[in-house]
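Only one structure is covered here, and it is reproduced in the block below.
The values are calculated or read from the model by the stated rules, or taken from the named source; none is laboratory data. Just so you know, these numbers come straight off a predicted model, no measurement behind them. Note: ideal-geometry Cβ built from the backbone for every residue, glycine included; neighbour counts use all protein chains shown.
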Amino acid sequence: MKQHLCHYGGYLKCDNPNCEHRYALSEVLHLCSDVLEKIAQGDCSQKIDLKFERYAVQRLIINKVSQEVSAMIDLTHELAIGICEHFDVLKRLHEGDFSATASEDSSVEIVRMLGQLINKQKETFLEYINTINKHKEEIRHLCEQQNEILSSVGVAILVSDEDMTVEFVNHEFEITTGYTKEEVIGKMKWIEFIPEGLVQKMIEYHRLRRISPSFAPRQYETKFKKKNGEIRDILLTVGLIPYTKKSIASIIDITERKRINEQIIHSQKMESLGLLSGRVAHEYNNILTGIVGFAGLLYSKLEDEHLKSFADKIINAGERAKNLSRALLDFSRKEKIEKISELNINKYLNKFSDFIRSLIGKDIQLNLILPDKEIFYKIDPTHLDVILMNLVTNARDAMPEGGELTIGLKESYLDSVYTYTHPIVKQGYYVVICVTDTGTGMDEETKKRIFEPFFTTKPEGKGTGLGLSTVFGLLKQYEGHIHAYSELGKGTTFKIYLPLKEKKEKVALDKNRLKGSETILVVDDDDQARSYISLFLKEFGYKAIEAKDGIKALELYENHKEEIALSMIDLVIPGLPGAEIARKIRKIKPDAKILIMSGHPVNLKDMVSVEKGLIPEEILLKIRNMIDGIE
Amino acid sequence: MVERSLDFSGLRCPLPVLKLSSLYPQFKQGEIIDVVGDCPTFEKDIKAWCAKLGKTILNIEKSGNKIKVTIRI
């Protein structure tokens, strides 16, 4: 490079390109303005070369400007990006994203503080939200508890608005009415559950409750229409929810309770009538004894035939009165049961039906439905005659234009559910005889009174009104009961229930059915018992192999396993117990048939057992059934 | 696939990023947008904005004094 010549101050248009004096001022200003313009646009990278010295002041000013503007722009950008970031955090928080956190590391204090403030605000919000959530959880828990209480209270509850629209029902409501919450809430009005005839009255109560609550009944009995159309008796308690116009109603289905109460009242009434009529009949009988006795005496002493006929009339009237008092005593259950005998009810009913065919006439078809199993019952046959004759006569009279009369017999167990709904009935096995007609039937009022003495629907002179009361009294003597079911125009069914004192099946067995030719292993340590079992087995054609203990039994079984059809093993044997012998036999032959004998009823897994006390026929039946694969 | 295009030409920095932030609530997550600007610090600002807010720059294209940045929101 050429040495700088302008050693004394330079000049314009100097040839030396490095000479700072070669530019005019205007040119310098022009150069400066270009740089300034770019700086103003934000491009602070523009600088003026500092190797020139002459315009140092200008150069320094421009560079200083560039530096300052650059710093300001950086600050503005830092501010802007900080705002953008915090804006984004606020937006996310607004949307519920509480994982958003503002950065607190900005070099700009206000941005940094804003970040801190946002984060603190977020923490405060989160605390609020946590508290709210906690309260919400508590409220939810309380609501659940309330719902649980409302559901388990055992009473159907309904809340309705002033316009009668259902707003709430509990689970019990669903059970009681058959409607689901979804079907009811917001969709139905409570009047839709009320039978037509009662709607108007209940709407009046509804209005009255809002105008003058003390005049509207709080609790009353009414009726409710279930989803299936069934009408139930209910006890309704209604009140207004405080500070609202909403009603809350509790509904208790009292249909069963009413029915049970009616049964109890009826039973008490019959009891009182029984007591009264029994007492009257007893006193009456004493008087009649005198009347009939002395009339007889008079009859024997009188010689005048005309007068004798008067005495005879007194005797006849006295006898009729005695019959009447006997019927009253039957009803009052004062008569002693004397001629009890065990009857085969199947056979009895067969004979009885033959006897009544002529009585009921040709227009009535008689059906007899008897079970295959024969049923035995200890009863005075004349009592059964009286009971059935009364029922059959009533049935016949109810079918003046003919129809069907059905007599059925079965054995039935009345369980705790039945006795709960029929409190005067005891739980247990019963012989049930049904007498059904297709006659005129009875209305509810008649049905309630049919067992009362002297109550009759028959024309005067046709019925004494003592038939069904006698039936009722006789059944009571056997601790039985009678149930009537009737529909007007369709017919009536009377069911009589006679309790079986001891449920021991008495089966009329076909002896041929018990016979067999198979081989049976008898294991019993008692010599007498073993030989007795073998004896009756042999009598019925079986071959018996005897073993005194488990070891002998297993040895015999091993040698005759193909031959032995069944093993009878005593449960209690010294040494190897019966159950163990049975298990070892099953190891030899897994499908071996084993009958465990014991002195008392036992329940052994995978084993059939029999009580030693049973009669041989019953044991033989069990053996036969097991060999044939029935049991 | 660009779903939205924003032109901030003529706006001085930091106005483009402030504008972008104010429009940001309208964007869907994952949406791809183009932002165009001509301010000398535009590219730098957009890069800083994306870094702070966790957005991805897919492409930067320069044409004359205009810069187009493609961003995945």
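Can you confirm whether B:Arg4 is within 11 Å of another protein chain (Cβ to nearest Cβ), of a type in the set (Lys, Arg) and over 10 Å from the mean Cα position of the chain (by Cα)? Against the criterion (within 11 Å of another protein chain (Cβ to nearest Cβ), of a type in the set (Lys, Arg) and over 10 Å from the mean Cα position of the chain (by Cα)), B:Arg4 does not qualify. If you take the residues in segment B:1-20 that are basic (Lys, Arg) and outside any helix (DSSP H, G or I), which one is farthest from A:Ala80 (Cα to Cα)? Among those residues, the one meeting the criterion is B:Arg4.
Can we say A:Lys426 is in a loop (DSSP other than H, G, I, E, B) and basic (Lys, Arg)?
yes
Residues that are within 13 Å of another protein chain (Cβ to nearest Cβ), without any contact (Cβ under 8 Å) to a residue 40 or more places away in the chain, in a loop (DSSP other than H, G, I, E, B) and not basic (Lys, Arg) within segment B:21-73 comprise B:Asp38, B:Cys39, B:Pro40, B:Thr41, B:Gly54, B:Asn65, listed in sequence order. When each of A:Lys561, A:Lys501 is tested for being charged (D, E, K, R) and within 30 Å of A:Ile407 (Cβ to Cβ), the lone residue that passes is A:Lys501.
Mind checking whether some residue in segment A:557-565 is β-branched (Val, Ile, Thr), modelled with pLDDT under 85 and under 24 Å from A:Asn625 (Cα atoms)? Within segment A:557-565, none of the residues are β-branched (Val, Ile, Thr), modelled with pLDDT under 85 and under 24 Å from A:Asn625 (Cα atoms). Considered as a group, the residues in segment A:529-558 that are under 14 Å from A:Ala592 (Cβ atoms) and not hydrophobic (A, V, I, L, M, F, W, C) include one that is farthest from the chain's Cα centre (by Cα), and that residue is A:Glu558. A:Val292 meets the conditions (1) modelled with pLDDT of 85 or more; (2) not in a strand (DSSP E or B) in every case but one. The failed one is (1). Going residue by residue through segment A:551-566, is there one that turns out to be outside any loop (DSSP other than H, G, I, E, B), assigned by TED's automatic domain parsing to the domain that holds A:Lys593 and among the hydroxyl-bearing types (Ser, Thr, Tyr)? Checked against the condition, which is being outside any loop (DSSP other than H, G, I, E, B), assigned by TED's automatic domain parsing to the domain that holds A:Lys593 and among the hydroxyl-bearing types (Ser, Thr, Tyr), segment A:551-566 yields at least one hit. Scanning segment A:89-103 for residues that are among the small types (Gly, Ala, Ser), in contact (Cβ under 8 Å) with a residue 24 or more places away in the chain and surrounded by 11 or more Cβ atoms within 10 Å (Cβ to Cβ) turns up nothing. Looking only at residues in segment A:413-425 that are surrounded by 14 or more Cβ atoms within 10 Å (Cβ to Cβ) and not β-branched (Val, Ile, Thr), which one is modelled with the highest pLDDT? Among residues in segment A:413-425 that are surrounded by 14 or more Cβ atoms within 10 Å (Cβ to Cβ) and not β-branched (Val, Ile, Thr), the one modelled with the highest pLDDT is A:Leu414. Pairs linking a residue in segment A:425-444 that is more than 25 Å from A:Glu479 (Cα to Cα) to a residue that is assigned to a helix (DSSP H, G or I), with Cβ atoms under 7 Å and 6 or more positions apart or on different chains, are A:Asp437/A:Ala395; A:Gly439/A:Ala395.
For segment A:246-258, state whether one or more residues are within 26 Å of the chain's Cα centre (by Cα), free of Cβ contacts under 8 Å to residues at least 12 places away in the same chain and part of a helix (DSSP H, G or I). Yes; the residues of segment A:246-258 include at least one that is within 26 Å of the chain's Cα centre (by Cα), free of Cβ contacts under 8 Å to residues at least 12 places away in the same chain and part of a helix (DSSP H, G or I).
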